[in-house]
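None of the figures in this text is laboratory data; all of them are computed from the coordinates on show. Every value quoted in this text rests on a predicted model; they were computed, and no experiment measured them. All Cβ positions, even for glycine, are placed from backbone atoms using ideal geometry, and neighbour counts span all protein chains on display.
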């Protein structure tokens, strides 16, 4: 398993959640060598804990990051244009890792190589698929994510991204040709990858939830407490929080004056911190247990306007039993309409209507809560999803 990001602890969220939980489950039946990078932020006890789940842990220091000067940015774009690999992929690339993997493949040490997130595809050479299984686990399409941010006006660097968009399409199309199998998290991403390679073996394996970390709530707290959570330095979450706090919450507070919004998650950006100046908004930063905050909330809002792939936050709120109002992007990859697992909203008026319904109707809240938890237990446990991933790995 290749993971440029050190996948522990999984409470950091993002790619770590998917990578670690699949690794943990697969280690029950397979001997796993994990190749990853560990910077100064990775603690010795985290390395020791991760080693318990793998046969072999190959740790490499991350490459030194180039300066963000205009000259370096121009050089990186030029390299992207000529060589076809995005700057963010090149910035995590390590020559020593490449040498180690090349030798391991030459020595026939492994039956399968999995790239846990598409950023790791750079280490896999196209001819290898003829001698062993090579698999890329794409968490979400980079091309469609960039395209969607431009379409919705949520891009931080629209001029740059317009230049990048055709290059990202070329990049994703090219790397999808070299793997024996491709895994995605939603049917939507599967259709996108099929456009790039109609002959590809593409499998849908959603994200899951650790039910110990996200236990079901004991009771409905009532009231008018809203929560939005996630990594608060991520552009899609920053946009969602600002959109809700500035455009929806004030109108809700006109109807329900005691309405509050807790924005919960690590590394809040300056934009997020400034939201705490608005009435009724609490910005917590990192918390010990997000489930505790979910259990205290009347409704979880997931007002994502961009971002592809299945959302961990949606699954985690479902597991905790907190009724959800979410956008199409927030519900991506999850069938929520029959039975009803969440309410859908995309416009300001739709959010106000849906949240008001939940504020007023305790039976509806309880139905959503119960239905969502049942769906998680039946479809989205990591053990079930790892079984599906294992079938891909074992498929000849």
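Label point 7 Å out from residue 88 along Cα-to-Cβ: which residues of segment 125-153 have amide N under 13 Å?
139-150
Using 16 Å as the cut-off for backbone N distance, which residues of segment 82-101 belong to the label zone defined by a point 7 Å from the Cα of residue 64 along Cα→Cβ?
91-96
Tally the DSSP beta bridges in the chain and give the antiparallel ones as a percent, rounded to 5.
On the way: 1 of 37 bridges.
Within the chain, antiparallel bridges account for around 5 percent of the total.
Among 67-75, 44-52, 299-307, how do they line up by average Cβ neighbours within 10 Å per residue, starting with the highest?
Packing proxy ranking, top to bottom: 299-307, 44-52, 67-75.
Restricting to segment 225-379, compute how many DSSP beta bridges are antiparallel as a %, nearest 5.
5 percent
How long is the gain from residue 100 to residue 160 if the chain were fully straight, where each residue apart is worth 0.36 nm and the alpha carbon distance is subtracted?
Between residue 100 and residue 160, full extension yields 18.2 nm more.
Taking the Cα atoms of segment 55-184, what is the range of coordinates along each of the three principal axes, in descending order and whole Å?
Sorted largest first, the three principal extents are 46, 30, 26 Å.
Using Cα atoms only, what is the angle between the long axis of helix 142-152 and the major principal axis of the chain, expressed in degrees (0 to 90) to the nearest 10?
For 142-152 against the chain, the angle is about 30 degrees.
Compute and list, largest first, the equivalent-ellipsoid semi-axes of segment 225-379 from the alpha carbon gyration tensor, each √(5λ) rounded to a whole angstrom.
Working: eigenvalues 95, 62, 42 Å².
Taking √(5λ) for each eigenvalue gives 22, 18, 14 Å, largest first.
On a full-extension model of 0.36 nm per residue, what is the gain between residue 151 and residue 233, subtracting their alpha-carbon distance, rounded to one decimal in nm?
So the chain would gain 27.4 nm between residue 151 and residue 233.
At 0.36 nm per residue, minus the direct Cα-Cα distance, what do residue 247 and residue 276 gain on full extension? Give it in nm, one decimal, please.
9.0 nm
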